[in-house]
Amino acid sequence: MNIEKNTEKQRLNFWEKIYLPEIARGLGMTFVEMFKPKVTRQYPEEVWNPTGSYRGRPVLVLEEDGERCVACGLCSRVCPALAIEVAAGETEKTKERYPIKFEINMLRCIYCGFCEEVCPEEAIVMSKDYDLVFEKQEDAILDKDQLLIPMAQLQDRLEFLRQYRR
Amino acid sequence: MPQIIIDGQRIEAAAGKTIIEAALDNGINIPHFCWHPSLSVAGNCRMCLVNVGSIRRAADGSIEHDADGNVMVNYMPKMQIGCATPVADGMVVDTQSHKTESAQNAVMEFLLINHPLDCPICDEAGQCKLQEYSFEHSKGKSRFDEQKVHKPKRVELGPQIMFDGERCISCSRCIRFADEIAKQPAITFVQRGDKVTIENFPGTTFDSPYSMNVIDICPVGALTSKDFRFKTRVWEMSFNDSICTGCSRGCNTKVGVRDNTIMRIEPRTNMHVNEYWMCDHGRLTQYDFVNENRVSEPMIRNSAGQLVKADWNDAYAAAAELLRSVKHQEIMVIGSSKSSNEDNYLLAKFAKSVLKTNNIDFVRHFNEEFGDSFLRTRDMSPNAHGAMESGIAHHAQHGTSIDHLADKISQGFIKALYVMDEDIALIPKIASVLDKVQVLIVHTHNATATAEKAHVVFASSTYAESEGTYTNVTKRVQHFTPAIVTKENERYMGMKMSRWDKFGAFNDRWTQGERRNSRMSWRIVQGVANAMNAQWQYKDSESVFEEMTHHVDGFKGMSYELLDEYGGMIMGRIGTPESKGVVYESHYFKPQVS
C-alpha cells in the first residue's frame with residue numbers, strides 16, 4: 001500500500017471530515033441500547049456461579065477420612081508451569097502414602113487442568129474459584145490446608161468429570 | 001567361536017554364553033526380569049522368550065531360499081528363554097518378529113494379573129522394569145476381571161528392607177543375591193502358584209552389610225528402602241556421578257539430589273571396582289554430613305574470642321597473617337585422607353613452597369572390623385593412597401608425624417596447625433593439648449570440635465559439592481563430579497539437573513535448599529597461598545590435576561577425560577587401561593521406546 005496516496009484527506013468525504021453526523025449516529029446507538037435488556041453484571045455484588053465445566057483454581061478433594069491425594073507427584077511432573085510441589089510421607093492407611101506438603105504457586109498456575117487430567121485418584125480437581133487476590137508473593141503459594149475442599153462442595157466438577165472423561 | 005545370527009545380524013559369541021548375553025554384548029536388548037549378569041540363571045520370569053532355529057538346508061547341504069529369495073529358517077516349535085539357552089554355531093535367533101512379540105506380550109499380561117498396579121504410591125515408579133515393559137509390551141488394558149490375590153504387605157525382611165508381597169513378580173533376584181553375593185541365605189519363596197511370596201527363614205533376618213542391593217535389583221517395587229521410602233519420586237532427583245567416601249574401595253555411585261539436599265546414594269556400575277553393588281554403610285552414612293550440621297560460611301575469631309562470619313578474602317588475609325606470626329618449622333600441616341588428590345596436592349605444595357615446613361602428615365582411619373572379603377576395606381578413608389602420593393606424607397628423617405604431634409605441641413615445638421577436612425579433636429591425645437596451639441586454621445565441612453577451637457574456619461565443600469579424584473585401595477584413580485550446588489560451583493558445566501533444578505525461580509519454595517558459601521579445599525589453600533604472595537592461578541580442579549600429572553609420578557599420563565573413559569585408571573599401569581566394556585544397567589530411567 002502506498003501510504004502517501006491513502007491520506008485521510010483522500011479517504012474521507014466532506015461529511016465524514018466534519019464528524020457531526022457520526023456523533024449523532026453514536027448517540028443514537030447509545031439511546032437505543034438504554035432500552036434493551038442488560039447483559040453486564042454488577043460483579044462484586046452480583047457473583048457469577050460458573051458451571052461444572054469451568055476451570056478455576058485447582059483444589060484437593062477432602063473425603064470424610066482425609067484427603068484422597070496419595071502424593072504420587074504426577075501433577076507436579078505434568079504441570080507445564082511447575083506450579084505444584086509435593087512431598088510425601090507414610091501413613092497407616094491401605095494407601096500408604098500421603099502428602100506431607102502440597103503447595104500450588106498460584107502465580108505460576110495457568111489453569112490448564114493437566115493436573116486434574118493426570119491424577120490417578122481424582123484427588124486434584126479444578127474448582128469454581130476465579131477471584132483470587134493476593135497481597136504478597138508468599139500468600140500466592142497455597143498450602144494443603146488452603147487447598148483441601150470437602151467433596152460435597154465439588155459435586156458439580158466431579159459430575160462433569162464423570163460424564164466427559166473418556 | 002560360535003557364530004550366531006540375531007535379528008539378521010551376524011554375531012561372534014564366546015562358547016558357553018547364553019543368547020541374552022551375546023545379544024547384550026552387541027547392543028541388542030532382550031526384555032528380561034529375573035536374569036542378572038552377576039547372578040545365576042533362574043529362568044522363571046519367561047520374559048526373554050525368543051524364537052530360536054537354524055538355517056534350513058537341502059539334502060545336498062545348500063541353503064534353501066523362499067520365493068522372495070530370503071534364507072529359510074527352521075524354528076523350534078516352541079520358544080526358548082534367551083537367558084538359559086547357550087549359543088550354538090549356526091543358531092538363528094529372532095527377537096523382533098510378531099511371534100516373539102506376542103509371546104512377550106502374553107508373559108506381560110500374566111505378570112500383571114496379580115500385580116496391584118499401585119504405581120502412584122509405589123517408590124519404584126519411574127525406574128520400574130515392569131512399567132518400562134508395560135510401556136513396550138502390554139496392551140494397557142487387563143482382561144482379568146476377578147479379584148486379585150492378596151498377600152502380606154509391609155513386611156520387614158531386614159532392618160533396611162520393606163517387602164510388599166503383592167507387587168512381587170517372583171523373579172527370585174533377591175533370593176539369589178542373598179545366597180550368592182551377600183552369602184547370607186536368609187530369604188526364600190514360600191507357598192506355591194499364585195500364592196507364592198517371600199519370607200525370612202524362621203529366626204533369621206536379612207541384615208547382611210550388602211542387603212540394600214536387593215532394592216536396586218528388584219525389577220518392581222516389592223523391595224523398598226526403609227531409609228528412602230516415600231522421600232521423593234525418582235524423576236524429581238538429579239543424579240550425578242560420584243565416588244563413595246565410606247571406605248577406601250571407592251565404589252562408584254550416583255548421588256540423587258532434590259532441593260539441593262542428598263536424598264539417596266545408589267551404586268553405579270563399574271566392573272573393575274564395585275560391579276553393580278555397594279554396601280549399606282556407604283548408602284546410609286555418606287549423606288548426613290553433607291546435608292546437616294554444616295559450616296556454610298568462612299569464619300574468623302574476633303578479639304572477643306567469638307567466631308564470626310567473614311568474607312572469603314578477609315579470612316584468607318587473617319589466616320595468612322596468623323601463619324606469618326610463627327616460624328616456618330613451628331607450623332604443622334595436616335592433610336586429609338578424606339579429601340581429593342587435588343586438595344592434598346595443593347596443600348603439600350603450599351606446605352613445601354610457601355610455609356616451608358617439613359611437618360606434614362595426615363590422619364589414618366582404620367577399622368579392622370569393617371573390612372571384609374568383598375567390597376568393604378579396613379581403611380575407612382577414601383583417599384589414603386592418594387594423599388600419600390600427592391605429597392601428604394611424613395618423612396622419617398625430618399618433620400613431625402601425627403603420632404608425635406601431641407608431644408611436640410606440649411613441648412612448644414609446634415605452635416601453629418593448619419588442618420584440612422579432619423576432626424583432629426577426635427584423637428584424645430591431641431584434643432587435650434589443642435588449647436596450647438597459638439594458631440589453628442581449619443578447613444571443615446561440619447561444625448566439629450576442632451572447628452570450635454579454630455582461629456580461622458574455612459567452609460570447605462564435601463565430596464558431593466566438589467570435582468576431583470580419589471585413589472582407592474587398589475590405587476585406582478577415579479574422577480567424581482559435583483552433585484550439589486554451592487556458590488562456588490553454581491556454573492559448573494555438565495552438571496546434571498532435574499527439571500525442578502533448571503526452572504526454579506527465587507520465589508519458588510522448592511529451590512530454597514541452602515546454597516552454601518563453601519569452597520573446594522584446594523581453592524581455599526590457593527587463597528591463603530595467594531594472600532602470602534604465592535600468585536597461583538588454578539582455574540578449576542582439572543587445572544590442578546593437569547599440573548599433578550606432570551609433577552607426581554603416580555598420576556603421569558592421566559586426565560579427567562581418560563579417567564571417565566576407562567572408569568578410573570590404576571597408578572603405574574596407565575599404558576594398559578582396562579576397557580569399560582558393555583555396562584549393564586538393570587533399570588533404565590526412562591522406557592527405551594524402540
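Readers should treat all values here as calculations from the given coordinates under stated rules, not as data from a laboratory. Quantities reported herein were computed from a predicted structural model and do not represent experimental measurements. Here Cβ is always computed from backbone atoms with ideal geometry, including for glycine, and neighbour counts include all displayed protein chains.
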Problem set entry | Within chain A: Cβ-based charge dipole about Cα centre, in debye rounded to nearest 20 (Lys, Arg +1; Asp, Glu -1) | 1060 debye
For this session: Let me have the relative contact order for segment B:119-291, percent, based on Cα pairs under 8 Å that are six or more residues apart.
Result: 20 percent
For this session: Run through the DSSP bridge list for the protein assembly as shown and note the antiparallel percent, rounded to the nearest 5.
Result: 75 percent
Exercise. Near B:Asp241, within a Cβ-to-Cβ distance under 9 Å, what is the net charge of the other residues, with Lys and Arg +1 and Asp and Glu -1?
Worked result: +2
Seminar exercise, completed: Karplus-derived 3J(HN,Hα) from phi for segment B:173-182 (6.51 cos²θ - 1.76 cosθ + 1.60, θ = phi - 60°), whole Hz, x at Gly and Pro, runs 4, 5, 5, 5, 4, 4, 6, 9, 9, 6
Exercise. Taking only Cα atoms, what is the 0 to 90° angle, nearest 10, from helix B:312-324's long axis to the longest principal axis of chain B?
Worked result: 50 degrees
Seminar exercise, completed: The summed charge of the A:Ala83 Cβ neighbourhood (under 10 Å; Lys/Arg +1, Asp/Glu -1) stands at -2
Exercise. With a 10 Å Cβ neighbour count serving as the proxy for reagent exposure, in which order, fewest first, do B:Arg268, A:Arg57, B:Arg283, A:Arg25 appear?
Worked result: A:Arg25, A:Arg57, B:Arg268, B:Arg283
Exercise. Cα axis of helix A:20-34 to longest principal axis of chain A: angle in degrees, 0 to 90, nearest 10?
Worked result: 40 degrees
Exercise. Can you give the % of DSSP beta bridges in segment B:3-113 that are antiparallel, to the nearest 5?
Worked result: 90 percent
For this session: Taking every Cα atom in chain B, find the radius of gyration and the maximum pairwise distance Dmax, and write them in Å.
Result: 28.4, 102
Exercise. Net charge near B:Glu514, counting Lys/Arg +1 and Asp/Glu -1 over other residues with Cβ under 12 Å of its Cβ?
Worked result: 0
Seminar exercise, completed: To the nearest 10 degrees, the tilt of helix B:541-551 (Cα long axis) against the first principal axis of the alpha carbons of chain B is 80 degrees
Exercise. For chain B, with only Lys/Arg (+1) and Asp/Glu (-1) charged at the beta-carbon, what is the dipole magnitude about the Cα centre, in debye rounded to 20?
Worked result: 820 debye
Seminar exercise, completed: In whole Hz, the Karplus estimates of ³J(HN,Hα) for segment B:56-62 (6.51, -1.76, 1.60; θ = phi - 60°; x where Gly or Pro) are 6, 10, 6, 4, 8, x, 7
Exercise. Principal axis lengths of the protein assembly as shown from Cα atoms, whole Å, largest first?
Worked result: 106, 99, 68
For this session: List the relative contact order of segment A:8-147 as a percent without decimals, with contacts defined as Cα pairs under 8 Å and 6+ residues apart.
Result: 26 percent
Seminar exercise, completed: Here the relative contact order (percent) of chain B, from C-alpha pairs under 8 Å and at least 6 apart, is 12 percent
Problem set entry | Free-standing Cys, chain A [no other Cys Cβ under 4.7 Å] | A:Cys69, A:Cys72, A:Cys79, A:Cys109, A:Cys112, A:Cys119
